[in-house]
Every structure is written in C-alpha cells, then in structure tokens.
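Asks: Pasting a structure below so you can have a look.
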Amino acid sequence: MDILTFREILTGISGVPITAYGADGEVDIGVTGAIYGRVAKAGIHNIVAAGNTGEFYALTPAEITVVTEAAVAGVDGKAPVTAAVGRSLREAIAMARTAKTIGASAVMSHQPVDPFAAPAAQIDYFRNLADASLLPMVAYVRADGFSLDDLLRLAAHPNIAGIKFATTDILLLSRVVAASAAGNALFICGLAESWAPAFTAAGARGFTSGLVNVAPQISLAIHAALEAGDYQEARRMIDIIEPFERMRTQYRNGANVTVVKEAVEIELGVSVGEVRVPGLPRLAPQDRVKLTETLGQWPSLMSRASGY
C-alpha cells in the first residue's frame, strides 16, 4: 500500500483487537482470527495486529508472528492490517520484514521501553526503523519529554505515514500540527475515544480503539460525529462508554486489557483466556458484575442518542 493511501486510512479508526489464548495458555489462532475478522467486518478502517490491547509485550517474537498471521487471515482483505513491531531496533527491523512477507499493509512501531532511552535517540530509533521498513510505518509516541523539533523531525520522514500521539500534552500536539509541513506524517489520537474530541480540536485526525472489540458501532458513531464537526454528539456517545473506559484505568491501567477481554467473553460468549502478567489476569467478581451491568445498559443508552 502506498503511503498516501495509508495516510488517508489513518484518518479513520485504528482498531486494536485482543489476543485470545486457549486453555493451555497458548495463542488460540482460530478465536484470535475470528475476533480480527469481526472487527474488520464491522467497518473499522485500519486493523492493528498485536498492539497494546493485543498484549504485544506479553508475546514472544514468534507469537507476534502467529498473531499477525491470524490477523491477516481473519481480516481477509476487508481492511488493511498494520503489524505491530518493536523491542530492540534489530528485532523491530526483523519483525517489519516478516510482516511484509505475511501480507501486512503497514507496520506500527511501539515506543522503546528502555529505561535509559533519550528523547532525541528515540526519534532516531523510529527513523532508523522507517528507513529499513519496506512498508509504511506508524510511530507510537507514548512518553513525555519530546520537543517540538523532535516531533517535527519524526513527522518529516518520508516513510512515516502517521504518528500515534499518546500523551496528554495537547499544547505540544497543537504546536507540532501547526508547524508540520504539508505532506508530513498525520497525527493520530493515540488515547482512544475519550480523548478524541480534544485531539481532533488540536489538529489530530482519527483515533485508536480497543472498544472496537466489544462495540465497534459506538466507535464508528463517535468517529462520524467528529468528522462532521458535531462535538456534542461525540461527547454524548463518549458519555455512554465512560464507565467502561474508567474501569480500564484501574490499577494504573493494569486492568485496561482485562476489561476488554472479559467484555468480549460476556458479549460474545467465547473464552479468550486470561491477560498475561504483568497485566491483571482477571477482574474481581464484583467488578465483573459491574462490567456486565454496564454493557447491559448500552443498547438503551444508544437508542436515546441522536441518530439511533
């Protein structure tokens, strides 16, 4: 896929499906592929394989390949598949090459988690990976400390289609969007639906989502409202999912994936396995009851929202 086409796709929703595990704790290829297929069939614009909601850092490099293969098979051409890559620069380059052979359309580089990473050197990491990748790349910027010049240097790379901006520094985002040259990388809201209105107002386009595993129709409604400039409608839909998203922030976001996986089990009636440690493996019984009640309220709340 050429970078301009992919950049246009990134103005939509980048959905991040979960990774399902069988009773033996191994990746369940069939269930994982089916979940990817369901998200793509719902109309989500870009499907990210092995993103954070897919437990990238809990997977071995070999398992990441398995998940990407399951994603490509499950999506079956209904949407682009963006393969997540990361860890050391050498590993990330190898993953990017593998992603192309599997049939991915693009790659997304997770931010380096080295405790001694310097901001400017992290930009070098992304740029060196983009140099080596045969597919267009999204850079996942998650940490604070980057300067305006750092981000402009990242946005100017010819093989970086988008920057997944995942900090709450809205002022920096608005400054870099304003200063970035035409044709540079697109800035994407990397903090999902709840932050999408603020990021859109600051000049970002599109957003990432784990909610698509459970209720892609809500994500699509929020995106449509923002594209139409209807912030009131977007906020109305975000209010519906607020209790769900707040549950995900428990334990310093340790329950983020847990809530999504258990919601999938409740809504779809399919076992997807526990979240691997150091994420929270399972919700406490009272939290699972609360989650069930929250999901049960969505149909009536959505029917009251405009357009439903």
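The values are calculated or read from the model by the stated rules, or taken from the named source; none is laboratory data. On a predicted model such as this, the values are computed, not experimentally measured, just so you know. Ideal geometry is used to build each Cβ from the backbone, glycine not excepted, and the neighbour counts take in all protein chains shown.
Asks: In contact with a Ser or Thr (Cβ under 8 Å, 6 or more places away or on another chain) and either among the small types (Gly, Ala, Ser) or more than 14 Å from Glu193 (Cβ to Cβ) (or both), is that true of Val270?
Replies: Numbers: in contact with a Ser or Thr (Cβ under 8 Å, 6 or more places away or on another chain): no; either among the small types (Gly, Ala, Ser) or more than 14 Å from Glu193 (Cβ to Cβ) (or both): yes.
No: the conditions fail for Val270.
Asks: Give the residues of the stretch 91-130 that are touching a Phe, Trp or Tyr at 6+ places or on another chain (Cβ under 6 Å) and assigned to a helix (DSSP H, G or I), sorted by residue number.
Replies: Pro119 - this is the single residue of the stretch 91-130 that is touching a Phe, Trp or Tyr at 6+ places or on another chain (Cβ under 6 Å) and assigned to a helix (DSSP H, G or I).
Asks: Pairs needed: first member in the stretch 111-137, over 11 Å from His157 (Cβ atoms); second member anywhere, aromatic (Phe, Trp, Tyr) and surrounded by 14 or more Cβ atoms within 10 Å (Cβ to Cβ); C-beta distance under 6 Å; at least 6 residues apart or different chains.
Replies: Gln111/Tyr140; Pro112/Tyr125; Pro119/Phe146
Asks: Could you list all residues from the stretch 131-162 that are at pLDDT 95 or above, assigned to a loop (DSSP other than H, G, I, E, B) and among the hydrophobic types (A, V, I, L, M, F, W, C)?
Replies: The answer is Leu134, Leu135, Phe146, Ala156.
Asks: Mind listing just one residue for me: the one in the stretch 163-188 that is of a type in the set (Gly, Ala, Ser) and part of a helix (DSSP H, G or I) and, of those, nearest to the chain's Cα centre (by Cα)? First the steps, then the outcome.
Replies: Of the stretch 163-188, the ones of a type in the set (Gly, Ala, Ser) are 166, 174, 178-183, 185.
Those left that are additionally part of a helix (DSSP H, G or I): 174, 178-179.
Working: Ser174: 21, Ala178: 24, Ala179: 25 Å.
Top of the filtered list is Ser174.
Asks: Restricting attention to the stretch 222-275, and to residues there that are surrounded by fewer than 14 Cβ atoms within 10 Å (Cβ to Cβ) and at positive phi, which single residue is nearest to the chain's Cα centre (by Cα)?
Replies: The selected residue is Asn253.
Asks: Which residues, taken from the stretch 191-214, are of a type in the set (Gly, Ala, Ser) and either crowded, with 23+ Cβ neighbours inside 10 Å or more than 21 Å from Arg235 (Cβ to Cβ) (or both)?
Replies: Of the stretch 191-214, the ones of a type in the set (Gly, Ala, Ser) are 192, 194, 196, 198, 201-204, 206, 209-210.
Ala192, Ala196, Ala204, Gly206, Ser209, Gly210, listed by residue number.
Asks: Just to be sure, is Val72 touching a residue at least 12 places away in the same chain (Cβ under 8 Å), assigned to a helix (DSSP H, G or I), over 15 Å from the mean Cα position of the chain (by Cα) and over 20 Å from Val264 (Cβ atoms)?
Replies: Working: touching a residue at least 12 places away in the same chain (Cβ under 8 Å): yes; assigned to a helix (DSSP H, G or I): yes; over 15 Å from the mean Cα position of the chain (by Cα): yes; over 20 Å from Val264 (Cβ atoms): yes.
So Val72 fits the description; yes.
Asks: Then there is this: In the stretch 221-242, is there at least one residue being of a type in the set (Val, Ile, Thr) and in contact with a Lys or Arg (Cβ under 7 Å, 6 or more places away or on another chain)? Even if it seems obvious, please write down each step before you answer.
Replies: Here is the first cut: in the stretch 221-242, the residues of a type in the set (Val, Ile, Thr) are 222, 238, 240-241.
Filter again for in contact with a Lys or Arg (Cβ under 7 Å, 6 or more places away or on another chain), leaving none.
No.
Asks: Also, I was wondering about something else. Does the stretch 41-83 hold any residues that are under 18 Å from Gly190 (Cα atoms) and charged (D, E, K, R), and which are they?
Replies: Glu55
Asks: Something else: Just the residues that are over 17 Å from Ile35 (Cα atoms) and either among the small types (Gly, Ala, Ser) or under 15 Å from the mean Cα position of the chain (by Cα) (or both), please, taken from the stretch 200-219.
Replies: Ala201, Ala202, Gly203, Ala204, Arg205, Gly206, Phe207
Asks: Please find, within the stretch 1-59, the residue that is farthest from Trp195 (Cα to Cα) out of those that are buried (at least 21 other Cβ atoms within 10 Å of the Cβ) and of a type in the set (Ser, Thr, Tyr).
Replies: Residue satisfying both the conditions and the ranking: Tyr21.
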